[in-house]
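Visitor: Once you've had a glance at the structure underneath, I'll fire off some questions.
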Amino acid sequence: MTQRKFSQDELRQRLSLEAYHVTQEEGTERAFTGKLWDNKKAGTYHCVVCGEALFAGDHKFDSRTGWPSFWQPVSEAAVETKTDRKLWMKRTEVHCATCGAHQGHVFEDGPQPTGLRYCINSASLTFKAKEGEGEAS
């Protein structure tokens, strides 16, 4: 898939400092500080950079890590992964397949049916509530 690109100037104007750091510099927000880590409303989580749907609220679970966690993306084509060897360990990074924005990491310690835990930064997401659910709690 050809990724949509945005200029760094546009992104710096449009995104918060934290969202820019997370999505463009592969940063990580502090645990339990993001707006969406404990959101329990029905809806869809979208990439803060391009607006593409990435995760469904139905696939979210409480991982007790302080970050929004999902057992699968909305589709296999929604996200891409790459190996991250920072911090003296091997991890798998998760990026938006549409624009390449860094979202977080995926680990193999999640619940069934996939056994995966997509540990995603709130700063990399926007939340669109299912009609009648209101904003993120």
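FYI, it's all coordinate maths here, none of it is from the lab. This is a predicted model, so every value here is computed, not measured. Here the Cβ positions follow ideal geometry from the backbone for every residue, glycine too, while neighbour counts run over all protein chains shown.
Visitor: Give me the percent relative contact order of the range 26-71, please, defined on Cα pairs under 8 angstrom at least 6 residues apart. List each step's numbers first, then the result.
Guide: On the way: 56 pairs, mean separation 17.5, N = 46.
The normalised contact order for the range 26-71 reaches 38 percent.
Visitor: Under a plain spin-label model, where a point goes 7 Å from the Cα along Cα-to-Cβ, how far apart in nm are Gln8 and Asp84?
Guide: Between Gln8 and Asp84, the label points sit 2.1 nm apart.
Visitor: Taking Cα pairs under 8 Å and at least six residues apart, what relative contact order does the range 8-129 come out at, in percent? Numbers along the way, then the final one.
Guide: Details: 264 pairs, mean separation 35.1, N = 122.
Contact order relative to length: 29 percent.
Visitor: For n ≥ 4 DSSP H runs only, could you compute -39500 (n - 2.57) per run for the chain, divide by its residues and tell me the 222 nm figure to the nearest 500? All intermediate terms of the calculation are to be shown ahead of the outcome.
Guide: Numbers: 2 runs with 16 residues, N = 137.
About -3000 deg cm²/dmol.
Visitor: Also, quick follow-up: If a/c stays under 1.5 just call it rounded; otherwise compare a/b with b/c (prolate if a/b is bigger, oblate if not). Do that for the range 8-129, with a ≥ b ≥ c from the square roots of the Cα gyration tensor eigenvalues. Don't skip to the end; give the middle numbers.
Guide: Details: a/c = 1.43, a/b = 1.17, b/c = 1.22.
Rounded is the answer for the range 8-129, as its axis ratio a/c remains below 1.5.
Visitor: A further question follows. Which residue, His21, Ser69, His102, has the largest displacement toward the positive end of the dipole of the range 8-129 when charges sit on each Cβ (Lys, Arg +1; Asp, Glu -1)?
Guide: Farthest along the dipole direction, towards plus: Ser69.
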